[in-house]
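The values are calculated or read from the model by the stated rules, or taken from the named source; none is laboratory data. Treat the numbers as computed from the prediction; the structure is a model and nothing was measured. Because the Cβ atoms are built from the backbone with ideal geometry, glycine has one as well, and the counts that use them run over all protein chains shown. Calculation scope for accessible area: heavy atoms of the full protein, side chains included, ligands and nucleic acids excluded. Shrake-Rupley method; radii C 1.70, N 1.55, O 1.52, S 1.80 Å.
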Amino acid sequence: MDSPRQPKNLNREPKRSQNRSSNPPQKDAYARLLNQHSSSKFSLYLEQYAKDTAFQKEDNVPSALPKAQSDRQNIPQRQRDQVANDFSDSSDFSPSSKKNKEEESSLSLYMEKLSTRSAQQDFERKQGVSDRQRCGQRRDTATSHDGDVESGEELCSLNPNESKKLQKQPKKAKDSYKDITSKESDSFVGRPQSPNTAGTSGQEQEKMKKAKKKKLLRHPEEEKSREGTFQSGVDPQMSRPKSPYGKEKKLQQPRASSANSPADKTTNKGPRGSKKHIFESYMTLEEVSHGLKRGELIQGQLRINPKKYHEAFIPSPHDARDIFLDGIVARNRALNGDVVVVRILPREQWKVVRSDTEGEGASESDTQKENIVKTAQKKTDRMPRPDGIVEDQCSDQDELAHKLQNITFKDTGEHLEDPSIPRPNGEILQKTAKVVYIVEKKHSRAVTGFLKFLPDKPFAMFSPVDHRVPRINVLLADCPQDFGSRPGDYTNTLFICRITNWAADSNFAEGQLAKTLGQAGEIEPETEGILIEYEVDISEFSDEVLNCLPKNLPWSIPEEEMRKRKDLRKECIFTIDPATARDLDDALSCKLLPDGNFEVGVHIADVSYFVGEDNALDTIASQRATSVYMVQKVIPMLPRLLCEELCSLNPLTDRLTFSVIWTITPEGKILSEWFGRSVICSCMKLSYDHAQSMIDAPEKTFTQEELPPVDPVHTIVEIHQAVLNLQSIAKNLRAQRFSGGALRLDQLKLSFTLDKETMMPQGCYMYQYKDSNKLVEEFMLLANIATAHHIHKRFPQLALLRRHPPPKAKMVEELQELCDQLGINIDLSSAGALNKSLNTTLGDDEYTSARKEVLTHMCSRPMQMALYFCTGVLGEEQLFKHYALNVPLYTHFTSPIRRYADLIVHRLLAASLNCGPSLGLSTEDVEKQASHCNDKKTVSKRVQELSSELFFGVFVKDCGPLDSEAMVMGVLDQSFDVLVLRYGVQKRVYCKSVAGLHSFRHRKVGKKSELTLIWTAEDPEKAPVEQVISIFTLVEVQLKADAAPMKYSAVIKRPEEN
C-alpha cells in the first residue's frame, strides 16, 4: 500500500543466479525428431552429445562443450528455450545479429532438447513412469484465463525464419510481441550474449529442417484420424495423447507472421504446396444440433486477445474459467465477436494455469528453479511455477482417477471432477477447444489497414491494423489503377477492405477494397475507419425513413393528443445535461407539498409517439439500436429532426413526455407512484455546471446573466430551490442505496477541448463527476427501477429488462488472495461489501484517489457485462437481478432518443397503462432485439474508447512529450502497467525499451509480483541504482508519440539518485 519512490544504491553488481532445476526435464517434440532422422551417423553424434550434457548436469562439473552451448551458460533456462522463437525487440539489449539467432535456433536448441530427453528417460526408468504419463504432458501457458484483461507477456512460437522477419516489423506491432522471453526469478535480465553455432554444419541443419517439414505435413492426417474416432467427448487414442495443437501450432506459424509482416512465399510453402487443409471443414448444422443437445459441443461468443492475437476465449456455460482456444487454427477462421460452436479437446490437451488473477505470461519462480510443464509434442516455450517443479507424474490413485475422468461423462459432457479446482500444487486446468461451426458472423469482416505490393504476384497484400484479423490477398485489379506502377504513393494511405472468402487451405483470407479513407494519422480518415470497421451505420437516412416524420413544420401537438395526456406545462420542470448536449431526453420537477413531502417527477421524451411500430423509421432505429458518441461528433440513432427537435425537451417548447411522479418524503421514502403520458414545457436548460453552482451556493441569488434563459412564469429562485430540494432527496436516496448493498466502480474519463473550426484537440482534462451528476443519476435510477417492476408485473413473459450477473466466483477468490497478500483490507463477498471497502481502506493522502483507481481496475476484472434480456426467456427470476445496483429488477426507460431498448420499454409501459397500442412482439422477438441491443451497446462503447484514444494520440503528438506521475497497476515479468495520473490513461511500460536500464529481474512470492530495475549510474564511479516496481508504486513517466500514426508509448523516467 505504500508508494515506494526511493531508489536504492547497490554496493556491488548482483550475480546471476546459477541455480538449476534438479528435477527431470520433460520430453518434447524435439526429442522425437531423433527417431525420424534418416542419418544414423548424425543420430549417434547427437546421442553422444546428449549423454555428455546429461553427465555434466548430473555431476555439476564444468566440461568442454561445443561453443553453442558454452556461450549460453549464463542465460536462464527459460530464455535458452526461447532464443529461437524470440521475436521481441531484443536488439535493445543485445548486439547479437539476426543471423546468429537463426543459425543457433535449429541445431543448438535441438541438441539441448535431446540432452533433456536423455535425462528424462533416465529419471522415468528410475521412477517407473509409464509411456502414457510421459506423453500426456499438459500444455502450460501463461495467459489470462478470461482474456478480457490482458496482462500476460506476449508468448508465441515461430520458426526461425519467421523470427527473423518479425524483427523487422514496424513499431506499431511491437506492443503485441514485445516481451516474449521468460527469465528465471531473481536472476538478472541484462544483455544476453550472442549464441554461436560452432560445431554445427550446414548439412546437419538442412537435415533438421527436412525432419521438421516432414512432421509438419504429417499432422493434418493425424488430426483427421483422431476426429474420425471422437465420440461423446471421449478420444479413443487417449492411451497415446497428442499435443493439443501438434498440427495447429505448426501450421499456424506462417499466419502468426502474416498479420504483421509482408507476405513471404516460404511462409505457406508446406501446407500450400501440398494443398493440405490448414483448417478443418465445419460440421453440418445437423451434427452441431445433435452435439449441442448431447452436451458434446458448446456455443459461445469468441473473444480474441488484442495483445496476443493467437489466444482466444469463449465463456464457460457453467461459470467456470473461460474456455481457451490456442492459435489461429483452433479458431477455424472465426473472427472476434463471432458466435461459434466449439468442441472441448481431450483433457491431456488442456492448459495448466496458476490460480492467479494477474494471468501473467511467463512469470518466474521464486525458488530459482526451472519449473516447466510441457506437452509432449509442443514446441512452444513454457513458464516456471512459483511453487516448485510441476510434473505430470502421479500416484496410482491419481492414475485411476485420470482414466475415469476421460471415460465417464455427465449428461452435459463435463468431466466429473471440476477442473477449475486448484490442484495441490496450486495449479488449475483450463479447458481448451477448437471451433467446429460458426453460428453467426458478428464481426463485420471489414478492417482498416494498408496495401503492400508483392512483385510478380497477381494480388497485393492487405495488412489490417487489427492483428486479430488475418492478412488479406486483394487482386491487383481491385487496387487503385497506378498502385502496381507507383506502390510507394500508397504507403501511408488507409484503406477499408472486406473479407470475401477464407479458404480452408490458406493462411490468408481473400478480400476486396471497399474504400480509400485517406492519409493515416489524420483524424477524419481514422474516425471513418473505426466506424466502418465496427459496422456503425453512418449513412444518411433514406427518403422512406424521412417520410415517416411529421410533414407540417414547425410541428405542434395536435389537440386530440393533448386531451389524452396529463398537462404539466405550468409546472416548474427543467433539464440538466452536459453543456454541449442537443438530445435532451429527460427532465426533472420537484414541488413542495403542504404536508412537507415532495412531488418529484421524472419526465422522459415520448419517442414512441413519433416512431410507430414496424415502419421504416422503426426498422432503422432497431438496426442502429443506439446513438454512438465520439469525441467530435454523434452518430444518431434517429433522424436529427426527432432527436434534436421534436423529441428533445428543449426549453420554452411544448413537448410530449412519459412521466413517473412520486410523492416522496424528505428522507427519500416513496409514498405513492404514478405513470402516464404527459405534456411538459421545460422552463430552463441547465448544464451540470449550472446546477452544481446552485448546489455549491444555496444562499446565493443568481442573476439572469449567470444562467440560461428562463420561462417568465417561473423565477430563478424557484428553480434554484427545486434543485436544492432534489439534491437533498437524492443524497438520502443514494445513502439508502449504498447502505442497501449497491456498488459503483468509477473509471476515470478523459475529455477534450476542441478547436471550433478544425475540431482538433486543443487540450484535455479529467471529467469531474460532481454532485449535479449524482443528482440526475439518482432519479434516473429510481425511474428505471420503478418502470422495471411495473412492466414485469403487467408482462411477466414479455418485459425487456437489464440484468447484471455477479462476478466470476473463482476470479473473485483469487483477487481476494492477492489483496490479502498486498495488505489491502478488502471484502469481496458482496457488491455492498466491496463498495464499502473501496471507500474506507486506501488511506487518506494525496494519492488515495490514485490507489482507489488502481484497486477499482483490479476489481473490475472479475465483473461481467450487464445485459438486456426478455423475462420470458430466463426461467429463474433470481437471474434477473442487477448485481451492482443490488436490485431484483432493472431496465432502461430514461433515454429513448439514443437507445432502442428504452423505446421498447416505453411501448410496454404504454400498453400496460392502456394509453398505447398493444405490443405486437413475441417473447422471441423481444429477446432477439435485446441481444442485438447488447451487441450494439458493446460496439458503441468500444468506438467511443477508440475515438478518445485517437484524439489523445493526436494530442501527445502535437503537444508532447508529456510528463506525469503514474501509479503501477500490475506487474509482469518483463513489463508493468501504469495509470498515468494526470491524464487517466493506462499504458504498459516494457523494460527492454527503457533507456539507461542496465538490467532487471522479476520476483514473485505467492500472488505478489515484483520487478527490480537496475539503472546504470550516471556517474561511472557510483554503483547502479535499484528501483523496485510493485502494485501502487509511484513512478515518473513520459508519454511520447510513436512513429506509427496516432500511437504513443509510456517511458519510465530515471529515478532521482539520493
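Things worth noting here:
- Cα gyration tensor shape of the range 573-706, rounded if a/c is under 1.5, else prolate or oblate by comparing a/b with b/c: oblate
- Between the range 826-887 and the range 509-558, the Cα center-to-center distance that results, in Å: 36 Å
- Over all pairs of different C-alpha atoms in the range 932-1058, the reciprocal of the mean inverse distance, the Kirkwood hydrodynamic radius, equals 16.2 Å.
- Length-normalised contact order of the range 700-765 in % [C-alpha pairs under 8 Å, at least 6 apart]: 16 percent
- In this simple spin-label approximation, K570 and T703 carry label points 7 Å from Cα along the Cα→Cβ vector, and these lie 3.3 nm apart.
- Burial ranking of peptide ranges 981-989, 874-882, 948-956 (average Cβ count within 10 Å, highest at the top): 948-956, 981-989, 874-882
- Rounded to the nearest whole Hz, the Karplus-based 3J(HN,Hα) values (6.51 cos²θ - 1.76 cosθ + 1.60, θ = phi - 60°) of the range 782-788 follow the sequence 4, 5, 5, 5, 4, 5, 4, with x at glycine and proline.
- Comparing the range 847-985 with the 2.2 N^0.38 Å rule of thumb, its C-alpha radius of gyration ratio is 1.46 (two decimals).
- Coordinate range along principal axes, alpha carbons of the range 948-994, Å, largest first: 32, 20, 18
- With θ taken as phi - 60° and the Karplus curve 6.51 cos²θ - 1.76 cosθ + 1.60 applied, the whole-hertz 3J(HN,Hα) list for the range 1041-1052 is 5, 8, 5, 5, x, 6, 9, 8, 10, 9, 10, 6 Hz, x standing for glycine and proline.
- Checking the Cα-Cα distances for K307/K987; K685/K936; K591/K669 against a 23 Å cut-off, the pairs over it are K685/K936.
- Whole-percent carbon and sulfur share, accessible surface of the range 940-1058, 1.4 Å: 46 percent
- Dmax and Rg, reported as Rg then Dmax, of the range 696-738 (C-alpha, Å): 13.0, 39
- Ordering of 743-750, 341-348 by packing [mean C-beta count within 10 Å, highest first]: 341-348, 743-750
- Translational diffusion of the range 453-532 was estimated from the Stokes-Einstein equation, with Rh taken as the Kirkwood radius over Cα pairs; at 10 °C and 1.306 mPa s the coefficient is 120 µm²/s.
- Lysine pair count for the range 756-867 [Cα-Cα under 27 Å; pairs on different chains or 8 or more apart]: 10
- Residue by residue, the range 662-669 carries 3J(HN,Hα) couplings of 10, 9, 9, 6, x, 7, x, 8 Hz when phi is fed to the Karplus relation 6.51 cos²θ - 1.76 cosθ + 1.60 (θ = phi - 60°); x denotes Gly or Pro.
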